[in-house]
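Nothing in this text is a laboratory measurement; each read-out follows from the coordinates by a stated rule. A quick note: this is a predicted structure, and the numbers were derived from the prediction, not measured. Using ideal geometry, Cβ is built from the backbone for each residue, glycine included, and neighbour counts are taken over all protein chains shown.
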Amino acid sequence: MVENRSIKQDHDLAIKCPECCSTQLVSDYERGELICNNCGFVINEGYVDQGPEWRAFDSEQSYSRSRVGSPMTFTLHDKGLSTDIPWRNRDSYGKPISAKIRAQMYRMRKWQKRIKVANAIERNLSRVLQELDRMASNLGIPNSIREMAAVVYRKAAKYNMIRGRSIEGVVAASIYAACRISNVPRTLEEIVLQTGVKRKELGRIYRIMSRYLGLTIAPQKPDDYISRFCSRLELSLDTRNSALVVINIARDGGLISGKDPLGIAAAAIYLASIITGEWRSQGAIAEIAGVTEITIRNRCKEIKKLGSLQRPRKKSPYHQLSP
């Protein structure tokens, strides 16, 4: 393994080592070599550094030394490729401009803002992407998921799936599809609560979208929700690990298949909280997970039938964990 500060991991999975077929490649920009991190084979000796030739130690230096604009983004109707006139009423030397030039700049900004949206299609797309950004902000979704949701919506608009359906429903379904593709745990109930779209309509649009667009979406797993639910319930790391152990027991017993992953996750957290002594009521867990208390009790009974779990050391007035 080569040790050098200028070496970076290569994330292009299309390139493989011709010797061992490994995709763990590193780029040595000082020597201009592309090296396999598994066997040390030099794949390319004329590798070009695609990064800038300068270094920046803070955001101000990065902004002043950069000679390019912001990167392309699908969350804007023009993908961020248009020119913007800033609202800074100063000249190139930093001195304030006169009132006459300020009025001219105001008119230029106004017309430039108008011509950015050329037709009704771009105007509608601009409004839709603003609504997408608002919904994603309410859900606390990162920028990468917003980019993917914007791509999904653009594909849906290209296949003419927008006509006859509400814009809010298609946007909410795009966000949910992006979360499912990226394995970001967001339930239908959370999206319905934040967007105001009915659950039935959201589910119908999502199914149609995934079928016509050919989205490759893996099934949801209970493990994805454990960390998030435990954080909201203020449970410790031991309880999270115990919940994952309970889920593995349920998976080995064949209880995961055909069951709602939210119910399995809620039951695992409830049993784990009893094991570690950090008891949480079924009502509190059901409210966080978006399931009913009856679902939690039924899943707990099924898990207990698989075998006895470790009992808490302290005496507990609550349910025994062994069948």
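Enter the mean projected area of the convex hull around the alpha-carbon atoms of segment 81-166, in nm², rounded to one decimal. Can you show the working numbers first?
Numbers: hull surface 33.0 nm².
Quarter of the Cα hull surface area: 8.3 nm².
Where q = 0.17 Å⁻¹, what log10 of I(q)/I(0) comes from the Debye formula for segment 223-304, counting one point per Cα?
-0.54
How large is ³J(HN,Hα) for each residue in segment 294-305, as worked out from phi by the Karplus curve 6.51 cos²θ - 1.76 cosθ + 1.60 (θ = phi - 60°), to whole Hz, x for Gly and Pro?
Working through the residues one at a time gives 5, 4, 5, 5, 5, 5, 5, 4, 5, 5, 5, 5 Hz.
Tell me the chymotrypsin sites (Phe, Trp or Tyr not before Pro) within segment 55-128 that lie in a loop according to DSSP and have at most 12 other beta-carbon atoms within 10 Å.
Details: sites: F57, Y63, F74, W87, Y93, Y106, W111; in loops: F57, F74, W87, Y93.
Those satisfying the criteria are F57, W87, Y93.
Test of understanding: ordering E33, E189 by Cβ neighbours within 10 Å, fewest first, what list do you get? If you can, show how the numbers build up before the last one.
Numbers: E33 17, E189 13.
By the 10 Å Cβ count, ascending, the order reads E189, E33.
With +1 on the Cβ of every Lys and Arg and -1 on the Cβ of every Asp and Glu, and nothing else charged, how large is the dipole of the chain about its Cα centre, in debye rounded to the nearest 20?
Its charge dipole is roughly 1780 debye.
Would you be so kind as to identify which of I115, P71, L81 lies farthest towards the positive end of the dipole of segment 69-115, taking Lys and Arg as +1 and Asp and Glu as -1 on Cβ and the Cα centre as origin?
Going by the charge dipole, the pick is I115.
For the residues L213, L262, L125, what sequence is obtained by ranking on other C-beta atoms within 10 Å, fewest first? Kindly include the intermediate steps, with their values, before the conclusion.
Values: L213 15, L262 24, L125 19.
Least crowded to most crowded, the residues run L213, L125, L262.
Scattering from the C-alpha atoms of the chain alone, worked out with Debye: what is log10 I(q)/I(0) at q = 0.07 1/Å?
Normalising to I(0) and taking log10 leaves -0.50.
With 20 Å as the limit, write out which pairs from K79/K113; K259/K301; K79/K116; K113/K158; K16/K79 have Cα-Cα distances beyond it, or answer none.
K113/K158; K16/K79
Non-local amide H neighbours of E33 (under 5 Å, H modeled in plane, Pro and chain starts lacking H): which ones?
Distant-sequence amide H within range of E33: D28, Y47.
Rounded to the nearest 500, what is the 222 nm mean residue ellipticity of the chain from helices alone, with -39500 (n - 2.57) per DSSP H run of 4+ residues and division by all residues?
On the way: 12 runs with 160 residues, N = 323.
The per-residue figure over the chain is -16000 deg cm²/dmol.
Can you tell me how segment 123-213 classifies by the Cα gyration tensor, rounded, prolate or oblate, using a/c under 1.5 as the rounded cut? It would help to have the intermediate numbers written out before the result.
Numbers: a/c = 1.29, a/b = 1.15, b/c = 1.11.
Rounded is the answer for segment 123-213, as its axis ratio a/c remains below 1.5.
Could you run the Karplus curve 6.51 cos²θ - 1.76 cosθ + 1.60 with θ = phi - 60° over segment 223-232 and give me ³J(HN,Hα) per residue in whole Hz, x for Gly and Pro?
Listing the rounded values in order: 4, 5, 9, 4, 4, 5, 5, 5, 5, 6 Hz.
With 17 Å as the cut-off, how large is the P(r) tail for segment 69-115, expressed as percent of Cα-Cα pairs?
On the way: 512 of 1081 pairs.
Roughly 47 percent, rounded to a whole number.
Assuming R0 = 22 Å, can you tell me the calculated FRET efficiency for the pair N248 and R297, based on Cβ-Cβ distance, to the nearest 0.05?
Working: r = 21 Å, r/R0 = 0.95.
Computed FRET efficiency for N248 and R297 comes out at 0.55.
Work out from phi, with θ = phi - 60° and the Karplus expression 6.51 cos²θ - 1.76 cosθ + 1.60, the ³J(HN,Hα) of each residue of segment 101-106, listed in order in whole Hz, and give x for Gly and Pro.
5, 5, 5, 5, 5, 5
Using the 10 angstrom Cβ neighbour count as an exposure proxy, how do L81, L34 rank, fewest first? Don't skip to the answer; put the middle values down first.
On the way: L81 10, L34 20.
In order of increasing Cβ crowding within 10 Å: L81, L34.
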